[in-house]
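**Student:** Got a structure for you, written out below as structure tokens; questions coming shortly.
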Amino acid sequence: MSQDKSASMFGSRGSSNGCVLVVEDDLSIRNRIRLTLEKEGYDVLEAVDGASAIETIRSGENPLVVDVAIIDVDMEKGTDVVAFFKNQFQRVSLIVMTGVPDEGDSRERMKVAICGAGKGGSALLDMFSHIPEVEIVGITDKYPSAPGLKRARELNMPCAMDPVGLIARSDTDLIVDVTGDPEMATVIAKHKTPRAEVLGGAAARLLWTLIRHEAEMQKHVLNSEKLARMVKDGITNYVIKPVGAEPLIDAVASAMERREIYKL
């Protein structure tokens, strides 16, 4: 750990504006936050879950090196992590990050396979990944460098280089074909099981549109409820996913000011 980081709690940060710990399980969001804060002169530490966050803040020569912690309350046990930081590290200012929460529905999840990892497949992957009732069993594309395959790896979702193997899975409920390739429709019809239904072409584009609009509507409602609970718990700083640079910087600057006042 650098001298600048270890000195942050004493107000002698050198060229750094302070140290921010980002606790977020989504790699793309975590990277976006890190790059935004580093451009503003902050040192950034990263953690993928609550356990690694606690380990990070307790490591090094000074366990209170962190000035501000940004915690994704939507990740597994995210609210527990917030409560732990409030109780154990009261000098660390907290910013809660939130999006569309997992509703914890215990119903059986629909298993979906996506054929085509271009722009459409990548967008559907992001849409489906936020729906608790849907499980992505795999995404496939004939191009190894397709953006949807890269996105699937970031989300820890299975990539299938063999489309026939994915299509022929016995547990698949729905196959979404966004390849635009007539030959793929033939392959799907030949190898899919009777259980699997197929959605392709204009129907797949319509599904994407409907999911996107539904997600936006639910996000506004659910965020309002969640933010009301957070304000009640005394947390007034928050940012909404996907993270915008301006609200993120404003929230961190405000949290840093509270920390400076606390140290006086």
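**Student:** Do you know the relative contact order of segment 110-215, to the nearest whole percent, from alpha carbon pairs under 8 angstrom that are 6+ apart?
**Tutor:** Values: 183 pairs, mean separation 31.7, N = 106.
Computed value for segment 110-215: 30 percent relative contact order.
**Student:** Next up: What's the exposure ranking of Ile54, Ile167, going from fewest to most Cβ atoms within 10 Å? Intermediate values should be presented prior to the final figure.
**Tutor:** Details: Ile54 17, Ile167 25.
Least crowded to most crowded, the residues run Ile54, Ile167.
**Student:** Compute the distance in nm between two label points, each set 7 Å from the Cα along the Cα-to-Cβ direction, one at Ser145 and one at Glu257.
**Tutor:** Label-label distance for Ser145 and Glu257, simple model: 4.7 nm.
**Student:** Going down the table (Lys77/Lys111; Lys39/Lys150; Lys39/Lys142; Lys86/Lys111), which pairs top 29 Å between alpha carbons? Can you show the working numbers first?
**Tutor:** Numbers: Lys77/Lys111 25 Å; Lys39/Lys150 25 Å; Lys39/Lys142 37 Å; Lys86/Lys111 39 Å.
Checking Cα-Cα distances, Lys39/Lys142; Lys86/Lys111 exceed 29 Å.
**Student:** With label points built 7 Å along Cα→Cβ from the Cα atoms of Asp181 and Glu108, find their separation and express it in nm.
**Tutor:** 3.2
**Student:** Determine, for Ile175, Ile114, the number of other Cβ atoms within 10 Å of each Cβ, and report the residues in order from fewest to most. Numbers along the way, then the final one.
**Tutor:** Working: Ile175 24, Ile114 30.
Ascending Cβ contact count within 10 Å gives the list Ile175, Ile114.
**Student:** Could I ask something else about it? So if I restrict to the alpha-carbon atoms in segment 110-215, what is the Rg, and what is Dmax, the biggest pairwise distance, in Å?
**Tutor:** Both quantities, over Cα of segment 110-215: 12.3, 34 Å.
Every read-out reported here was derived from the displayed coordinates using simple, explicitly stated rules and does not represent laboratory data. Computed from a prediction, not measured in an experiment: that's the story for all the values here. Because the Cβ atoms are built from the backbone with ideal geometry, glycine has one as well, and the counts that use them run over all protein chains shown.
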